[in-house]
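**Student:** Right, I'll just put the structure down here and ask away after.
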Amino acid sequence: MAIRIIREEGDEILKKKSREVENIDEKVLELIQDMLETMHKLNGVGLAAVQVGVLKRIVVIDIYEEGVEPYILINPEIIKTKGEQTVEEGCLSFPNKFAKIVRPKEVIARALNEKGEQIEIKAKDLLAQAICHEVDHLNGEVFVDKIIPGTLEIITAEQTNEKKEDRKK
Ligand code: NI
């Protein structure tokens, strides 16, 4: 396993659309392990492969809830959304930016897990928000383009860490 370098704001790759994964091979499994390790090292809630420079439709998500394993979603698709929530959002590729955004309150998503099995996730609140955010990445979309005008906060690295710690409580 290895920590991968995060592509940050200004990197054109973040605007590119990722491709479907056809074979879950050794390389893909290694990428997934590295993505989990990188996300956890940075206390992130989610990470899309494009953020480590790989244009494959793979995301990992961890909402740090006790007893809940991180989610590994390959070729994820949101098949249903319900309601709305106005939430604060950030992104490992925009380390000092936070803003308010409107996301669905609930989503149903389908994906493959790392074993190639089809899974369906019924998500709400933070998990629903994270799934939407990560699927956006796979389509070359980033949260800063969708925020509620006037809510953008640019903060220091230290404040960013505090926010992440708060979220884990
Ligand atoms: Ni992000």
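**Student:** Identify the GluC sites (Glu not before Pro) of the range 18-58 meeting these criteria: DSSP loop state and at most 16 other C-beta atoms within 10 Å of the C-beta.
**Tutor:** Sparse-neighbourhood loop GluC sites (Glu not before Pro): E20, E22.
**Student:** Related question: Compare I79, I13, I32 in a GNM of the chain, Cα atoms joined below 10 Å, and give the one with the largest fluctuation.
**Tutor:** I79
**Student:** If you don't mind, there's one more thing I want to ask. Would you mind getting the accessible area per residue of the chain, heavy atoms of the protein chains only, 1.4 Å probe, in Å²?
**Tutor:** 55
**Student:** Okay, next question. Report the residue, chosen from I72, I58, I155, that carries the largest GNM mean-square fluctuation when the chain is represented by alpha-carbon nodes joined by springs under 10 Å.
**Tutor:** I155
**Student:** Looking at the range 72-157, which trypsin sites (Lys or Arg not before Pro) are DSSP coil and have at most 10 other C-beta atoms within 10 Å of their C-beta?
**Tutor:** In loop regions of the range 72-157 (DSSP not H, G, I, E or B), the sparsely surrounded trypsin sites (Lys or Arg not before Pro) are K115.
**Student:** What number comes out for the charge environment of A109, summing +1 per Lys or Arg and -1 per Asp or Glu over other residues with Cβ under 9 Å away?
**Tutor:** Cβ neighbours under 9 Å give a net charge of +1.
**Student:** What is the sum of charges, Lys and Arg at +1 and Asp and Glu at -1, for the other residues whose Cβ falls under 9 Å from the Cβ of F94?
**Tutor:** My count for the surroundings of F94 gives -1.
**Student:** Tell me, what % of the accessible area of the chain is carbon and sulfur with a 1.4 angstrom probe?
**Tutor:** Accessible surface attributable to carbon and sulfur in the chain totals 47 percent.
**Student:** Using only DSSP helix segments of four residues or longer, with each worth -39500 (n - 2.57), what per-residue ellipticity at 222 nm results for the chain after dividing by its residue count and rounding to 500?
**Tutor:** -8000 deg cm²/dmol
**Student:** Using Cα springs under 10 Å in a Gaussian network model of the chain, which residue among R103, R57, R19 shows the largest mean-square fluctuation?
**Tutor:** R19
**Student:** Calculate the radius of gyration of the Cα atoms of the range 12-168 to one decimal place, then report Dmax, the largest Cα-Cα distance, as a whole number, both in Å.
**Tutor:** Rg, Dmax (Cα atoms, Å): 14.8, 45.
**Student:** For the charge dipole of the range 36-169, defined by +1 on Lys and Arg C-beta atoms and -1 on Asp and Glu C-beta atoms about the Cα centroid, which residue among A123, I155, N139 has the Cα displaced farthest towards the positive pole?
**Tutor:** The residue sitting farthest along the positive end of the dipole is N139.
**Student:** Let me ask you something else. Residues with beta-carbon under 9 Å from that of T151, excluding T151: net charge, scoring Lys, Arg +1 and Asp, Glu -1?
**Tutor:** Local charge sum for T151: -1.
The values are calculated or read from the model by the stated rules, or taken from the named source; none is laboratory data. Here the structure is a predicted model, which means the values were calculated and not measured. Using ideal geometry, Cβ is built from the backbone for each residue, glycine included, and neighbour counts are taken over all protein chains shown. For the accessible areas, the whole protein counts, side chains as well, though only heavy atoms, and no ligand, DNA or RNA atoms are used. Shrake-Rupley method; radii C 1.70, N 1.55, O 1.52, S 1.80 Å.
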